[in-house]
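Working notes, structure below.
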Amino acid sequence: MTKTIGLICGSLRKDSYNRIIAQSLKNMDDSIQFRWIEINELPLFNEDLEKSGTPETVTSFKSSIQGVDGIIIVSPEYNSGIPGVLKNALDWASRPRESSVISRKPVGLIGATPGGLGTVYAQMQIRQILETMNVPVLPFQKVLISQVHEKIDANQKVLTDERTKRYLQSYLHQFINWIDHSLVLD
Ligand SMILES: Cc1cc2nc3c(=O)[nH]c(=O)nc-3n(C[C@H](O)[C@H](O)[C@H](O)COP(=O)(O)O)c2cc1C
């Protein structure tokens, strides 16, 4: 059956390299449906806001998550960690814990940076956070894209590096094949 994959980008930057990488996934397999799950309009998480009635942007964010078979997060690293906007979105998705829309949702992780370590620290943190939320993350495989500025055409906003394209395509297929086997036991 056709799988629908949600794409979350951990950068809000207009010319984000990570968004270009996420966008490139969409051209890699016509049998997969992709949907952007935007996080830029979410308010800062505050338990008081939850109590006074969930904001509309949060409701629509949560229903986007509910409507997909899995999520691929493509994120930069800020100061050796997870970008605040992504953490904020994951916190909203995790609430309330008893009916969390992200619990048990299979997730794949990709990160890109102009630096040399490929977002390894951010990805370690994201895995730890998702584990707490009862979210299975594709094990073993890591996609750490370093020197990303040399692998894309910044004007056309496309990924050009063939090796990276092949690796991403292979990761995408592993993710799709794993989705139906990813669920943790109760
Ligand atoms: C506040 C801040 C902290 C950063 N810290 C890191 C870091 O720890 N590791 C890293 O590889 N790049 C770091 N960078 C550089 C980002 O990788 C770079 O800005 C990248 O282009 C951001 O991703 P984007 O293009 O998808 O927006 C940092 C950038 C900012 C703005």
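The values are calculated or read from the model by the stated rules, or taken from the named source; none is laboratory data. This one's a predicted model, so the numbers in the text were calculated from it and none came from an experiment. Neighbour counts run over all protein chains shown; Cβ positions are idealised from the backbone, glycine included.
Results, tabulated for the structure shown:
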item: Residues (within 16 Å of the ligand (Cβ to nearest atom) and out of contact with any Leu (no Cβ under 8 Å at 6 or more places or on another chain)) located in the stretch 84-131; result: 84, 86, 87, 112, 113, 114, 115, 116, 121, 122, 124, 125
item: Conditions (1) away from the ligand (no atom under 13 Å from the Cβ); (2) within 19 Å of residue 34 (Cβ to Cβ); (3) surrounded by fewer than 20 Cβ atoms within 10 Å (Cβ to Cβ); number of the one not met by residue 157; result: (1)
item: Conditions (1) under 30 Å from residue 155 (Cβ atoms); (2) surrounded by fewer than 19 Cβ atoms within 10 Å (Cβ to Cβ); number of the one not met by residue 82; result: (2)
item: Search result, residues across the stretch 49-105 that are touching a strand residue (DSSP E or B) at 6+ places or on another chain (Cβ under 6 Å) and aliphatic (A, V, I, L, M); result: 68, 71, 72, 73, 74, 86
item: Single residue of 26, 14, 3 found to be more than 12 Å from the chain's Cα centre (by Cα) and within 12 Å of the ligand (Cβ to nearest atom); result: 14
item: Residue satisfying condition, being surrounded by fewer than 15 Cβ atoms within 10 Å (Cβ to Cβ), without any contact (Cβ under 8 Å) to a residue 40 or more places away in the chain and under 18 Å from residue 9 (Cβ atoms), within set 56, 41; result: 41
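Condition check ((1) touching an Asp or Glu at 6+ places or on another chain (Cβ under 8 Å); (2) at pLDDT 95 or above) across all residues:
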site: 121; (1), (2): yes, yes
site: 133; (1), (2): no, yes
site: 137; (1), (2): yes, yes
site: 153; (1), (2): no, yes
site: 174; (1), (2): no, yes
site: 182; (1), (2): no, no
